[in-house]
Amino acid sequence: MTMSGRLELYSRNKLKLGLLGANCSSGRAVTKVPERWNGSWPDCLRLARMADEAGIEFMLPVGRWKGYACDTDYQGETLETVTWAAGLLGATKRLTVFGTVHAPLIHPLIAAKQFVTADHIGEGRFGLNIVCGWNEGEFDMFGATMREHGARYEYAQEWFDTIKLAWSDAEDFAFDGQFIRLRQARAKPKPFGGSRPIVMNAGASLTGPAFAIRNCDALFSMTPKGKLAEFATHVANVHSLARDGGRQIDVYTVGVITCRNTQCEAEEYYQHSVLDNADWAAVDRIMAMRGVTRETFPDDFEEHRYHQANGMGGVSLIPSFQTTAKSPLNDRHCDMV
Ligand SMILES: Cc1cc2nc3c(=O)[nH]c(=O)nc-3n(C[C@H](O)[C@H](O)[C@H](O)COP(=O)(O)O)c2cc1C
């Protein structure tokens with residue numbers, strides 16, 4: 001199993017496609033429509049097999065421990081991501097499946113072994129998405145205190161350094177960090193086939209992307225609404241900073257697709273599922289947790305709400321099957337910006 005195969009997600013397509021958040025009830029759609037995604041295991045399994053057959057490159061779960069309650073208990077039921085990935089990897093042949101893991105909540109030696117186990121099940125198709133700490137309420141639930149922002153990433157650095165030691169050829173190893181101490185540690189087997197899982201981080205501050213650029217194969221960034229050109233600059237900047245550090249990194253982003261047979265049906269369904277039937281209480285709660293309120297954003301709060309309601313933000317795409325069939329994007333070998 002080569003590292004370049006892992007990094008390419010075992011596909012020659014330049015534009016890689018993945019599915020985000022299938023392990024959660026409602027997925028990423030903050031909607032009340034009864035047909036919304038339920039996140040059950042049989043549905044995840046069916047989706048993964050369909051994606052595997054269709055040539056989708058990856059599935060990325062959302063690491064969530066506590067839902068947002070409100071009308072739909074948005075993301076109230078979630079499957080734990082590493083065991084979820086292991087199950088899906090056992091049932092598929094080509095897909096890369098990520099685990100999304102909160103570094104502060106799990107000891108790195110246990111985590112490293114879980115990742116290796118999933119990687120062996122998937123014969124080199126497991127990926128790791130590192131979360132350094134985010135929703136405070138979730139941390140309270142564990143009796144854990146979220147460190148101040150800079151220290152979160154200092155901890156994550158030690159956590160990831162010890163994961164790498166556990167994955168390395170070292171027979172026995174020790175680690176003497178500020179937060180983590182390991183003595184006469186041993187971790188066998190190693191990841192599948194002599195390489196290691198690909199690693200991603202979705203930090204959005206200055207510190208987060210810097211962590212990704214130093215350590216990861218991929219940075220997951222949201223495209224700011226209506227600012228594609230700005231995002232292209234961000235991508236170029238990330239590539240250039242990585243190159244300066246002698247590294248290479250890919251940038252992933254989120255697209256939110258509402259697709260129906262015809263353009264008119266797609267637009268009607270967007271109106272119905274997002275604008276008319278969003279779980280607005282959940283939308284407002286999620287935004288408030290990030291400091292976005294009517295008071296902090298008096299001019300464009302409503303716009304933020306609509307954007308959030310539609311799959312938690314991201315680039316909104318409302319195509320029809322008719323238009324997609326004719327789209328040049330169908331050829332994923334094409335060069336993408
Ligand atoms: C696309 C995307 C996906 C994310 N997925 C998760 C997740 O599943 N679980 C989680 O707790 N945080 C998730 N995050 C939060 C990030 O890991 C990160 O903590 C957040 O963007 C704040 O960035 P910062 O740590 O640089 O301040 C996600 C962020 C983005 C942009």
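Things worth noting here:
- The accessible-area ordering, largest first, of the residues GLU158, GLU230, GLU302 stands as GLU230, GLU302, GLU158, per a 1.4 angstrom probe.
- Gyration tensor (alpha-carbon) shape descriptor, the stretch 186-279, a/c threshold 1.5: prolate
- Residue-level accessible surface for HIS234, protein heavy atoms, 1.4 Å, Å²: 60 Å²
- Each residue of the stretch 224-240 was assigned a 3J(HN,Hα) from its phi angle through the Karplus expression (A = 6.51, B = -1.76, C = 1.60, θ = phi - 60°), giving x, 4, x, 10, 4, 5, 4, 5, 4, 5, 4, 4, 4, 5, 4, 4, 5 Hz with x at Gly and Pro.
- Accessible surface of the chain, 1.4 Å probe, proportion on carbon and sulfur as whole %: 54 percent
- Across the stretch 1-118, Cα-Cα pairs farther apart than 20 Å form 45% of the total.
- Accessible area per residue for the chain, computed on protein heavy atoms with a 1.4 Å probe, is 51 Å².
- Taking label positions 7 Å along the Cα-Cβ direction at both THR323 and HIS272, the computed distance is 1.9 nm, reported to one decimal.
- Since only SER4, VAL33, LEU20 are under comparison, the one whose Cα sits farthest along the positive direction of the charge dipole of the stretch 1-51, derived from C-beta charges on Lys, Arg, Asp and Glu, is SER4.
- Trypsin sites (Lys or Arg not before Pro) restricted to DSSP loop in the stretch 161-207 with at most 15 other C-beta within 10 Å: ARG186
- Annotation for the stretch 44-140: trypsin sites (Lys or Arg not before Pro) lying in DSSP loop with at most 13 further Cβ atoms inside 10 Å of their Cβ are LYS93.
- Spin-label model distance (nm) - GLU80 vs ARG12, 7 Å beyond Cα toward Cβ: 4.1 nm
- Exposure check, 1.4 Å probe, all protein chains in place: MET141 carries approximately 100 Å² of accessible surface.
- Of all DSSP beta bridges confined to the chain, the antiparallel ones make up roughly 15%.
- Cα gyration tensor, the stretch 108-186 - rounded (a/c under 1.5), prolate or oblate: oblate
- Ranking by accessible area, most exposed first, for HIS120, HIS102 with a 1.4 Å probe: HIS120, HIS102
- Largest first, the residues ASP161, ASP250 sort by 1.4 Å accessible area into ASP250, ASP161.
- Across all directions, the average flat footprint of the convex hull enclosing the Cα atoms of the chain is 17.5 nm².
- Protection proxy ranking of 72-80, 289-297, 188-196, by the mean of other Cβ atoms within 10 Å over each peptide's residues and highest first, is 72-80, 188-196, 289-297.
- Pairs from the list LYS16/LYS190; LYS14/LYS190; LYS113/LYS164; LYS113/LYS190 with a Cα-Cα gap above 19 Å: LYS16/LYS190; LYS14/LYS190.
- Relative contact order [Cα under 8 Å, 6+ residues apart], the chain, whole percent: 19 percent
- All-pairs Cα distance distribution in the stretch 176-226, expressed in whole percent, bin size 5 Å: 4, 15, 15, 14, 21, 17, 8, 3, 2, 1, 0
The values are calculated or read from the model by the stated rules, or taken from the named source; none is laboratory data. These numbers were taken from a predicted model, which means no experiment stands behind them. Glycine gets a Cβ as well: all are built from the backbone with ideal geometry, and neighbour counts include every protein chain shown. Only protein heavy atoms, including side chains, enter the accessible area calculation; ligands, DNA and RNA are left aside. Shrake-Rupley method; radii C 1.70, N 1.55, O 1.52, S 1.80 Å.
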